[in-house]
Amino acid sequence: MNIESHTINGEKIAEIISTDVIINSTEDGLDLIGNLYYQGFDKVIIHEKNITPDFFDLKNGMAGEILQKFSNYRFKLAIVGDFMQYVSKSIKDFIYESNKVKHINFVSSTAEALKILSGNF
């Protein structure tokens, strides 16, 4: 896993660069928060491919648990991916509601993630 640092308008944003799944569990999400916070970040971009597919099955509660950790620690998150592939109404509603608040964001590009996390939306 590599961390690419972006600074926009004084906002320091981490982008996770990896070909591997980084978040397989709630503990992995918490470890990522701790690792990034230690390095001076409080905003992160992670790509959908770096999150276990189980995250997007809302019945198991993993997404709620992980995203609650990001909210509790006031860590802003943007997940970059193609979310049109998910057909279930519950995941579509979950993504819609998350995006309304702007703390947890599901976006289609890194440029969109940087715009939102830097406050330029």
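Residue 96 contributes an accessible area of around 140 Å² to the protein surface, as traced by a 1.4 Å probe with all chains present.
Per residue, what accessible area does the chain have, given a 1.4 Å probe and all protein chains present, in Å²?
55 Å²
Here r is the Cβ-Cβ distance between residue 84 and residue 115 and R0 is 35 Å; the resulting FRET efficiency, rounded to 0.05, is 0.95. Normalised Debye scattering of the range 59-109 at q = 0.16, 0.28 Å⁻¹ gives log10 I(q)/I(0) of -0.45, -1.27, counting only Cα atoms as equal scatterers and leaving out solvent.
The slack in the chain from residue 2 to residue 27, taken as 0.36 nm per residue of separation less the alpha-carbon distance, amounts to 7.1 nm.
For the chain, the share of accessible area belonging to carbon and sulfur comes to 51 percent (1.4 Å probe, ligands and nucleic acids excluded).
Under unit Cβ charges (Lys, Arg +1; Asp, Glu -1), what dipole magnitude, rounded to 20 debye, does the chain have relative to its Cα centre?
460 debye
The length gained on full extension between residue 65 and residue 92, counted as 0.36 nm times the residue separation minus their Cα-Cα distance, comes to 8.0 nm.
Using θ = phi - 60° in the Karplus curve 6.51 cos²θ - 1.76 cosθ + 1.60, the 3J(HN,Hα) couplings for the range 111-116 round to 4, 5, 4, 5, 4, 5 Hz; x is entered for Gly and Pro.
What number do you get for the range 16-88 when its Cα radius of gyration is normalised by 2.2 N^0.38 Å, N = residues?
1.06
The residue among 3, 23, 77 whose Cα reaches farthest toward the positive pole of the charge dipole of the chain, with charges on the beta-carbon of Lys, Arg, Asp and Glu, is 77.
The values are calculated or read from the model by the stated rules, or taken from the named source; none is laboratory data. Because the structure is predicted, anything quoted here is derived from the model rather than measured. Using ideal geometry, Cβ is built from the backbone for each residue, glycine included, and neighbour counts are taken over all protein chains shown. Surface accessibility is based on the protein's heavy atoms, side chains included, excluding ligands, DNA and RNA. Shrake-Rupley method; radii C 1.70, N 1.55, O 1.52, S 1.80 Å.
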